[in-house]
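The values are calculated or read from the model by the stated rules, or taken from the named source; none is laboratory data. All figures in this text were calculated on a predicted structure; none of them were measured in a lab. Glycine gets a Cβ as well: all are built from the backbone with ideal geometry, and neighbour counts include every protein chain shown.
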Amino acid sequence: MPIFEYLCPACNRIYSFLSLAPTPARQPACPKCGATNLTRVPSAFAVTGRAKEKPDKPNGGQPDEAALSRMESEVMRMADGLDEKDAENPRVMAQMMRRIAEASGEPMTPTMTEMFRRLEAGEDPDALEEELGPQLEAEAGEDGEGALGAPTHDDGLYGM
């Protein structure tokens with residue numbers, strides 16, 4: 001009986017589901033919050049011996065050199081094309097922030113995606129901050145990691 005893993009975007013958590021069929025007939029709901037928009041993710045490999053002693057995240061979870069290099073290159077490319085007026089234009093700044101976020105390789109939260117989309121459409125940044133600020137803070141979580149960090153893995157096994 002296969003085990004399938006699904007990511008709940010609301011909880012930023014991966015859950016394992018036991019299926020009685022080789023192909024799941026339906027998509028499960030999140031065991032914690034009940035969300036139905038879970039995304040199937042590749043399962044991790046079982047690791048034995050010395051290999052499992054290696055840390056999951058090199059550099060204590062900090063971006064690796066390749067990711068830092070990509071972000072730096074993207075920032076330099078953007079800086080070459082900006083002038084002083086662009087720094088005052090919310091649309092240009094939103095496009096720049098989106099490109100930096102994409103270059104980092106980290107997934108954007110739903111609220112960040114919404115914020116960038118609306119800024120790029122010309123909405124008032126102060127009004128958006130007032131409306132979406134609390135959601136952004138909630139997604140960041142108490143420790144500042146939140147949904148931008150790697151999802152956590154639930155140890156339970158749930159039925160589909």
* **Top-ranked residue of region 121-137 - restricted to ones that are assigned to a helix (DSSP H, G or I) and charged (D, E, K, R), ranked as modelled with the lowest pLDDT** => 137
* Asked: When region 121-131 is examined, which residues are found to be touching a helix residue (DSSP H, G or I) at 6+ places or on another chain (Cβ under 7 Å) and crowded, with 16+ Cβ neighbours inside 10 Å?
  -> 128
* Hey, could you check region 102-115 for residues that are surrounded by 17 or more Cβ atoms within 10 Å (Cβ to Cβ) and modelled with pLDDT of 75 or more and say which is nearest to residue 88 (Cα to Cα)? => 115
* Quick check: is even one residue across region 140-153 assigned to a helix (DSSP H, G or I), modelled with pLDDT of 70 or more and either surrounded by 13 or more Cβ atoms within 10 Å (Cβ to Cβ) or assigned by TED's automatic domain parsing to the domain that holds residue 8 (or both)? -> no
* Given (1) part of a helix (DSSP H, G or I); (2) modelled with pLDDT of 80 or more, where does residue 50 come up short, assuming only one miss? -> (2)
* Structure fact -> How many residues of region 94-115 are in a helix (DSSP H, G or I) and more than 21 Å from residue 76 (Cβ to Cβ)? The answer is 6
* Out of 118, 91, report the one residue that is assigned to a helix (DSSP H, G or I), crowded, with 17+ Cβ neighbours inside 10 Å and modelled with pLDDT of 80 or more. => 118
